[in-house]
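The values are calculated or read from the model by the stated rules, or taken from the named source; none is laboratory data. Fair warning: this is a prediction, and the values are worked out from it, not measured in the lab. Ligands, DNA and RNA are stripped out before the accessible areas are found, and what is left, the full protein with its side chains, is counted by its heavy atoms. Shrake-Rupley method; radii C 1.70, N 1.55, O 1.52, S 1.80 Å.
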Amino acid sequence: MSLPVTVYVPRDSAAIALGADAVAAAIMQEAERRGVDMHLVRNGSRGMFWLEPLVEVVTPQGRVAYGPVTPSDVPGLFDAGMLQGHSHALGCGLTEEIGYLKNQERLTFARVGITDPISLEDYVAHEGYAGLRRALGMSGDGIIQEVLDSGLRGRGGAAFPTGIKWKTVAGAQSSQKYIVCNADEGDSGTFSDRMVMEDDPFVLIEGMTIAGIAVGATRGYIYVRSEYPYAIAALNEAIAVAAAAGYLGNNILGSGKAFLLEVRVGAGAYICGEETALLESIEGRRGMVRAKPPLPALQGLFDKPTVINNVITLATVPIVMARGATFYKNYGVGRSHGTLPFQLAGNIRYGGLVEKAFGLTLRQLLEDFGGGSASGRPIRAVQVGGPLGAYMPQQQFDTPLDYEAFAAIGAMVGHGGLVVFDEGVDMAQQARYAMQFCAIESCGKCTPCRIGSTRGVEVIDRIVANENRPQQVHLLRDLCDTMLNGSLCAMGGMTPYPVLSALNHFPEDFGVAPPAQHAA
């Protein structure tokens, strides 16, 4: 008796937005109509969004991909022999041979697109929980040393060494400690956190559990923005499955170690991506930035020692523990070890997720993976690192994607999000948008951010209108300096990055001559 053919259709929200649910239903209906024995799995997205909905069929040679598929394409695909992996106009060949995927180094995203996201059996069959099992046989200090040795740094804005943060919390004396996952992914052009939570939630759960065991924390919270309903649903389901199987609870896999985990839903304030504002929100208050010190590692959630890492940081811990620090550290360049899931968005031909080791250039990402602009016009600028990241001009496209290399030119890698603009962009308006964004999203606690951003919008408007332009340009630079050095957190402290980069690299859009100095 032959086994049923397995067909994969993503349940990722990007694929659903492009019609994946309707395609899945059409495939089921067509198989039923034809009396075909078929097993449909809703997997995660492979991250090639221009091919979504992407349908994959398991064949003896491997998975064969077809995309982008619409419901009206389904009968023709069946006629052409899709279930046998036969050729069709929408055929992409073997999924693993598609250049966009084949040329990546998928470590954190090793399972994404391959497994059923909420199948614990699938997760374990693909190296899942190997890291936790190893960690349970180690001391907390041993786990922390492994993370330190891997060179893993926070995959958010600051790129702070993860092991040092864990070591601080481990050394703090307290009857209760917490692990908090910052899943308030609010940067423009970023979606890697969402993809992990929707498409491989167990890897985040495992990473947080390992962190808890390492530092002696028995409770964890995942703070997710309310705009991510599919992520929230997947996490809650996966947490329940993991707890039922003994991977969470008061006696993890019979080890005597405890870790309890729950999801907290935020209301969508950008400022709650700042770690102390996030803590305020979890505690039930308005998301307002706290002054530091005290550091959250010593006095964080409910005034207890707290590890706060973002999704990608915590989701990377399992592979570090499963394969060892040396394995992970051997990827990357300089002090930027491992890989980062870069996200291509904006005016780009092939938008999607690309996990690569640090060290490739921005140009390689834009051209070799992104295929240039979607409009076909030359790419003029790329904003890297979210709405507070610098706008990088063509002359900087050969900069290696490396934390230190970017910092040296007044830019940041941040969360790895790239938003691409072609030659039609008005960079003065982009600078204005950065100030306006800060004015809208500021928590209002400190004057440089709250007032500086509002004045910044007004000053840029006067520059564009040529009202005492030289004096206004000087005033804008002075204002940026005040925000950079006087703001309480990165919200106001980093808004000058996009503003000054636009002014310095694209002065003609402001109606001013190129600056004689200023390298930012």
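In sequence order, the range 42-56 has phi-based couplings of 8, 8, x, 6, 6, x, 9, 5, 6, 9, 7, x, 9, 9, 10 Hz under the Karplus curve 6.51 cos²θ - 1.76 cosθ + 1.60, θ = phi - 60°, and Gly or Pro positions carry x.
The amide H of N43, built 1.01 Å from its N in the peptide plane, has V9, R11 as neighbours under 5 Å, considering only residues 5 or more places off or on other chains. In order along the range 150-162, the Karplus-derived 3J(HN,Hα) couplings, from 6.51 cos²θ - 1.76 cosθ + 1.60 at θ = phi - 60°, round to 6, x, 5, 10, x, 8, x, x, 7, 6, 6, x, 4 Hz, and Gly and Pro are given as x. The residues of the chain expose on average 38 square angstrom of accessible surface per residue, using a 1.4 Å probe on protein heavy atoms. Prolate is the label for the range 237-324. Its Cα gyration tensor axes, ordered a ≥ b ≥ c, give a/c of at least 1.5 and a/b above b/c. Let a ≥ b ≥ c be the square roots of the eigenvalues of the Cα gyration tensor of the chain; is it rounded (a/c under 1.5), or, if not, prolate (a/b larger than b/c) or oblate? Oblate.
Across the accessible surface of the range 313-414, with the other protein chains kept in place and a 1.4 Å probe, carbon and sulfur atoms take up 47 percent. Pairs exceeding a 27 Å alpha-carbon distance, out of K165/K356; K304/K329; K102/K167: K304/K329; K102/K167. Computed with every protein chain present, the accessible area of S119 is close to 30 Å² [probe 1.4 Å]. For the range 1-88, with all protein chains in place and a probe radius of 1.4 Å, 56% of the accessible heavy-atom surface sits on carbon or sulfur.
Among R153, R11, the order of accessible area from largest down is R11, R153, computed with a 1.4 Å probe on protein heavy atoms. Between the range 66-113 and the range 282-330, the alpha-carbon centres lie 37 Å apart. In terms of the Cα gyration tensor, with a ≥ b ≥ c the square roots of its eigenvalues, is the range 46-161 rounded because a/c is under 1.5, prolate because a/b exceeds b/c, or oblate? Prolate, because a/c is 1.5 or more and a/b exceeds b/c.
Residue-wise HN-Hα couplings along the range 448-454, as the Karplus relation 6.51 cos²θ - 1.76 cosθ + 1.60 with θ = phi - 60° gives them from phi, are x, 6, 5, 8, x, 5, 5 Hz; Gly and Pro carry x. For R155, nonlocal amide neighbours, meaning residues 5 or more places apart or on other chains whose placed amide H falls under 5 Å from its own, are N310, T313. Residues whose amide H falls under 5 Å from that of G19, counting only those 5 or more places apart or on a different chain, are absent, with hydrogens built in the peptide plane.
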